[in-house]
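Read through the structure below, which is laid out as structure tokens, and then see the notes.
A short reminder: the numbers here are calculations on the coordinates, not readings from a lab. The shown structure was predicted, so the numbers you read here are calculated from the model rather than taken from an experiment. Please note: Cβ atoms are built from the backbone with ideal geometry, for glycine as well, and neighbour counts cover all protein chains shown.
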Amino acid sequence: MTAQPPHADSAAGTHFLRNALILGLLTAIGPFAIDMYLPSLPFIGDSLQADPDKVLMSLTAFFITFAIGQLVFGPISDLLGRRKPLYFGVALFIGASVGCAMADTVETLIAFRLLQGLGGAAGIVIPRAIVRDLHSGVEEAKLLGLLMLVFSVSPLLAPLFGSVIIEALGWRTVFWFVAGIAVFASILGLLLVPETRSVAQRAETSLGGMVGTSRQLFTDRTFMGLTLASSFAICAFFVFLANAPFVMMGQYGLSPIGFSITFSLNAAAFFFAAQFCGRLGARFGLRALVMPSILGFTAMMVLAFALNAAGMDNLYLTMALLLLGYGCLGFLLPTASVLALEAYGEAAGMASSLMATLQLAIGAVVIGVSGKFINGVGLKMTCGIAICALATLAVALLTLRGNRRQTVPAE
């Protein structure tokens, strides 16, 4: 057995941390382009003389191409290698961010947000594939965990940071900032992260195999039931994400920082609850968590609407119920993801991309509809959230009850 050189462990550790930093920054550009600019939505409307529903179209546009791009860039990177699609996407994101920063009409902003979402999708999908190429076992799990931490940190900190930038320098600075992050990350990646998918591996990729897997996923009742239930559940958060800036700052008079705090609290409730999924799943089984989570989520959101409709329009009461409801999502969404993907093994990447695409695509439609319906009114916002919760419950009852698909226990 050959002894490892004394510097081998430290070199490996350095490469691991380097990859975590670079791939984490590339993963961050998409979420930051969503969360940092949320506090600016009312200011964008004033600056560009646009109605709230038109301003929200800039968010809807981003979600549409962000969803489609995740399904496109993954297979392309399997066929062509990782670097070319990744840096094409990042370059598109950078150019679109500059266009957003310089937009003089809301229509121009929407057009560039479409391009920005498409480019940002490459930063989500391809770094995960690079992790699978470079690492395995515990190291792969650790690095993927660090990348997923970006999604935890972004909704908590990005709106607060964005609100500080907006109040000090204006809403356009947010787009210059995310463009700067993308430039910095792409330079580091080009210099330090090599191509990780060999020519031989690319030759083994079959487009026909991908189509066959997609067909199997669409006809799997459990996969589609969990995907659609989680999609409508996420939509309840998207309705809040898109409309809360207008409700909180318009109806309730909160400052951008005050809104960011309320947003971060709801995101924190989700991520705090998610930490207990593993323990509860190990004790009761993951399947046992799905329906109680959906019932608790639906009950809180319907109650929030009912109290608002009855005239109890109290910010703190509404926020408390929303916080509890989004806490239930913290149990539901990780559980639904694991159960949906557990039967697919080698096809988990394709299944994960399809699940994310459907969730974001449905979310984009709901955001667009909610912008025209809610129009900055708190009662209408809680109504939209309650409708999404009821849709989640309906899908679960129709597709999951009595479903006996059994695979390897996900615990």
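Things worth noting here:
- Modelled this way, with points 7 Å down the Cα-to-C-beta line, the labels at Leu307 and His15 are 5.5 nm from one another.
- Coupling constants for the stretch 302-319 follow from the phi torsions by the Karplus curve (6.51 cos²θ - 1.76 cosθ + 1.60, θ = phi - 60°), and in residue order they are 5, 5, 4, 5, 4, 5, 5, 5, 7, x, 8, 8, 10, 4, 5, 5, 4, 5 Hz; glycine and proline get x.
- Available extension along the chain between Phe373 and Phe88 is 98.9 nm, counting 0.36 nm per residue and deducting the alpha carbon span.
- log₁₀ of I(q)/I(0) at q = 0.18, 0.19, 0.30 Å⁻¹ - the stretch 11-71, Debye sum with one point per alpha carbon: -0.74, -0.78, -1.16
- Added length on full extension, which subtracts the Cα-Cα distance from 0.36 nm per residue, Glu107 to Glu167: 19.2 nm
- Put simply, when 230-241, 20-31 are sorted by average Cβ atoms within 10 angstrom per residue, most first, you get 230-241, 20-31.
- Between Leu191 and Arg221, the contour length at 0.36 nm per residue exceeds the Cα-Cα span by 6.3 nm.
- Reciprocal of mean inverse Cα separation for the stretch 240-372 (Kirkwood radius, Å): 16.5
- Over the stretch 61-107: Rg over Rh, Cα atoms, Kirkwood Rh: 1.07
- Peptide ranges 57-66, 79-88, 291-300 listed from the most packed, as the mean C-beta count within 10 angstrom indicates: 57-66, 291-300, 79-88
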